[in-house]
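This is the structure I have questions about; it appears just below.
The values are calculated or read from the model by the stated rules, or taken from the named source; none is laboratory data. The structure displayed is predicted, hence computed values, not measured ones. Methodologically, a virtual Cβ is constructed for each residue, glycine included, from the backbone with ideal geometry; neighbour enumeration extends over all protein chains shown. All accessible areas refer to the heavy atoms of the entire protein, side chains included, with ligands and DNA or RNA removed. Shrake-Rupley method; radii C 1.70, N 1.55, O 1.52, S 1.80 Å.
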Amino acid sequence: MTDPSYQEGMKVRREVLSDAHVDRAEAKKDSFTEDFQKLITNYAWGSIWTRPGLDRPTRSVITLTALIAGGYWEELEMHIRAALRNGLTEDQIKEVFLQCAIYCSVPAANTAFSIGRRVLEEERSGA
């Protein structure tokens, strides 16, 4: 695809989520999901994540919060890893989860802490 927004989106998507993640998503796409993959690459990654108004760590904080608020647990796992790649520390991720306990709900934060613990342990061990 030669669309500059798509190309920049794919670059940022790979930097934030990792080549391995994007390669898996690309390998799984089919005629049913291909348009959706183009949409998220073009708009989420090429139009929003590339904007100059917020840095990537701030975008990660917002994303983690939104995913916790919405209960999007599989996406949360992926974006905890992305937050680390974007420069957030484990302590900063913990603080986001604590903040979410107040504004999203204690049960949601409890689930986030459970997922976060597992993901951070995997990242520390190189799994």
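Against the longest alpha carbon principal axis of the chain, how many degrees, from 0 to 90 and to the nearest 10, is the axis of helix 56-70 turned?
The helix 56-70 is inclined about 70 degrees to the chain.
Ok, one more. Roughly what angle does helix 106-125 make with the longest principal axis of the chain, taking Cα atoms, 0 to 90 degrees, to the nearest 10?
Value to nearest ten degrees: 70.
By how many degrees, 0 to 90 and rounded to 10, does the Cα axis of helix 19-28 deviate from the longest principal axis of the chain?
Roughly 60 degrees between the two axes.
Dipole of segment 54-106, Cα-centred, from +1 at each Lys and Arg C-beta and -1 at each Asp and Glu C-beta, to the nearest 20 debye?
Here segment 54-106 has a charge dipole of around 120 debye.
Would you mind getting the accessible area per residue of the chain, heavy atoms of the protein chains only, 1.4 Å probe, in Å²?
60 Å²
Now for a separate question. Determine the relative contact order of the chain: mean sequence separation of Cα pairs under 8 Å and six or more apart, normalised by residue count, in whole percent.
25 percent
Going by average Cβ density within 10 Å per residue, which order do the peptides 12-18, 37-43, 120-126, 68-74 take, highest to lowest?
12-18, 37-43, 68-74, 120-126
Still on this structure, I have one more. Short version: ³J(HN,Hα) in whole Hz for each residue of segment 83-88, in order, from phi by Karplus 6.51 cos²θ - 1.76 cosθ + 1.60 (θ = phi - 60°), x for Gly and Pro, what are they?
4, 4, 5, 7, x, 6
Leaving out ligands, DNA and RNA, and with a 1.4 Å probe, what % of the accessible surface on the chain is carbon or sulfur?
54 percent
Hey, another quick one. Through the Karplus equation 6.51 cos²θ - 1.76 cosθ + 1.60, θ set to phi - 60°, convert the phi angles of segment 32-47 into ³J(HN,Hα) values in whole Hz; use x for Gly and Pro.
Result, rounded to whole Hz: 6, 9, 4, 5, 5, 4, 5, 4, 5, 5, 5, 8, 5, 8, x, 10.
Considering only GLY116, GLY53, GLY87, give the residue with the highest GNM mean-square fluctuation for the chain, with springs between Cα atoms whenever their separation is below 10 Å.
Looking only at GLY116, GLY53, GLY87, the biggest GNM fluctuation is shown by GLY53.
Continuing with this model, one more query. What is the spin-label model distance, in nm, from GLN7 to GLU34 if the labels are put 7 Å beyond Cα along the C-beta direction?
Computed distance between label sites GLN7 and GLU34 equals 2.1 nm.
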